Amino acid sequence: MVEMIRYGDLKIETCRDVYEPAEDTFLLADNLDVREGERVLEIGTGTGLVAIKASEKADVTATDINPAAVECARKNATLNCSRLRVLQGDLFDPVRGDKFDVILFNTPYLPMGEEDLTEDPIDLAWNGGPDGRRVIDRFLDDVAEHLKPGGRVQLVQSSLSDTRRTLERLRSLGFDAEVTASERYFFEEIVLIRAIMKARDPL
């Protein structure tokens, strides 16, 4: 069932087969670190809520692997008179060669086995594989090459998919990384990680 969600001044229409904004979405939206005129990439945009909020200040590109989400985000961008570029594809595939000041990602972080899957497109929004890290680790493999010097990452994940491992991996890649916000629920903690690419020493 299609519903209209209000977030501040934004009107966001939910769409069939697209992840509906929830606590993790609002954790990122409430704590956006986006500055005037920056180039921003949001991966896994869903309904487009976070990207549309970011586009109030920044030049935003949003991607999603789910074609229904791409259509939904475009619809919501129009509804909110947002200048938003929305591309369909897996992680960084649609923006190969591009670099951004900020990269946002509310990751598919739930540990899931094959028996948990419905084979609907919505699975892509939360299926993190057996340990919850299948998509997170692929993202971390490529994120540095798509950031400008001093660029920032804001990433949402669950304690179920090993927050410490993500922080350690980011630090090994040359980022200053820390948890900047979190929400605790009865079986997990949802965290927002902020990572800043450290300047490289000249050779």
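The values are calculated or read from the model by the stated rules, or taken from the named source; none is laboratory data. Just so it is clear, the structure is predicted and the values come from calculations on it, not from any experiment. Cβ coordinates were reconstructed from backbone atoms using ideal geometry, including for glycine residues, and neighbour counts include every protein chain displayed. Ligands, DNA and RNA are excluded from the accessible area calculation, which covers all protein heavy atoms including side chains. Shrake-Rupley method; radii C 1.70, N 1.55, O 1.52, S 1.80 Å.
Would you confirm whether any residue within the stretch 23-32 is at pLDDT 95 or above and among the charged types (D, E, K, R)? Yes - at least one qualifying residue is present in the stretch 23-32. Scanning the stretch 35-56 for residues that are among the hydrophobic types (A, V, I, L, M, F, W, C) and either surrounded by fewer than 20 Cβ atoms within 10 Å (Cβ to Cβ) or touching a Pro at 6+ places or on another chain (Cβ under 9 Å) (or both) returns 49, 50.
Please enumerate the residues belonging to the stretch 89-106 that are more than 16 Å from residue 37 (Cβ to Cβ) and either surrounded by 16 or more Cβ atoms within 10 Å (Cβ to Cβ) or in contact (Cβ under 8 Å) with a residue 60 or more places away in the chain (or both). Correct list: 91, 92, 94, 95, 103, 104, 105, 106. Going by the structure shown, is residue 20 open to solvent by 70 Å² or more (accessible area, probe 1.4 Å) and under 24 Å from residue 183 (Cβ atoms)? Taking the combined requirement at face value, the residue satisfies it. Checked against the criteria, residue 12 counts as farther than 23 Å from residue 100 by Cα and touching a residue at least 40 places away in the same chain (Cβ under 8 Å). Within the stretch 57-71, the set of residues being more than 13 Å from the chain's Cα centre (by Cα), open to solvent by less than 30 Å² (accessible area, probe 1.4 Å) and under 12 Å from residue 85 (Cα atoms) comprises 58, 70.
Among the candidates 103, 136, which residue alone is touching a Gly at 6+ places or on another chain (Cβ under 8 Å), modelled with pLDDT of 95 or more and aliphatic (A, V, I, L, M)?
Values: 136 fails: modelled with pLDDT of 95 or more.
None of the others qualify; the one that does is 103.
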